[in-house]
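Okay, structure first, notes after.
The values are calculated or read from the model by the stated rules, or taken from the named source; none is laboratory data. All values derive from a computational prediction rather than experimental measurement. Cβ coordinates were reconstructed from backbone atoms using ideal geometry, including for glycine residues, and neighbour counts include every protein chain displayed. Side chains are part of the model used for accessible areas, which takes the heavy atoms of the whole protein and leaves out ligands, DNA and RNA. Shrake-Rupley method; radii C 1.70, N 1.55, O 1.52, S 1.80 Å.
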Amino acid sequence: MSLSIFTYLLGPLENNTYVVADDDTMETAIIDPSFESETILDDVRAKGLKLTRIWLTHAHFDHFVGVGPINANLPIPLPVGLHSGDFELWRQGGGAANFGLRIQPLEEPVIHFYHGQILKLGKSRFEVRHTPGHTRGHVVFYVEDAALAFCGDVIFHRSIGRTDLAGGDQIALLRSIQTQILTLPPETRLLSGHGPETTVGEESAENPFLDHLA
């Protein structure tokens, strides 16, 4: 089993949108499509990838605003996955109104994530880990065989997710990091929603927000 991961830095908030492909079958998922995500479609086609689904770590607008434009440019819309804890945030436009933006209403996600769920992409397996705190329904996608996790806005290089928006809870966030991130092997790569990648070991040792958790 092997994965190819392509990272696109998109939009005014410099989101990391990930395109993840199983090398054996070329089945491909888009994780957290942000602004201008439709611009990556030509690149995806040029690589011969087969887009099959969209997975969202959470429902803040900058992590799903690309869903509509992507599906508008495809003959068959891709199914979207989200944890039910973030459905209300999704219905409210992901908090975009707080930033003076309006997100066009979208159909509700049809893939409902839950803690411990195993998602399959070709021969590759992704474990869903519920990590509330940044939002109520935030999840992380952990790939044990590849020693990596797509961790959205839970943890960043030397930082952690903000908790001052609707659904935020700092105690819950730190508990999620302690139980769902720092328990992973130290070599596990952390691919965040913003900023450079890091590892569990690096953040356990160097992240100033986690001093009392290490």
Accessible solvent surface per residue of the chain, calculated while the other protein chains remain in place, 1.4 angstrom probe, Å²
45 Å²
May I ask you to order 86-99, 62-75 by the average number of other C-beta atoms within 10 Å around their residues, highest value first?
62-75, 86-99
Computed from the coordinates I sent, Rg/Rh (Cα atoms, Kirkwood Rh) equals one of (i) 0.97; (ii) 1.05; (iii) 0.94. Tell me the label.
(iii)
Out of the total accessible area of the chain (probe 1.4 Å, heavy atoms of protein only), what percent is carbon and sulfur?
51 percent
Computed [θ] at 222 nm, helices only, for the chain once each DSSP H run of length n ≥ 4 contributes -39500 (n - 2.57)
-3500 deg cm²/dmol
Between Phe99 and Glu38, take the C-beta separation as r, use R0 = 30 Å, and let me know the FRET efficiency to the nearest 0.05.
0.90
Whole-Hz Karplus ³J(HN,Hα) for region 5-20, in order, using 6.51 cos²θ - 1.76 cosθ + 1.60 and θ = phi - 60°, x for Gly and Pro?
10, 10, 10, 10, 8, 10, x, x, 9, 6, 6, 8, 9, 10, 10, 10
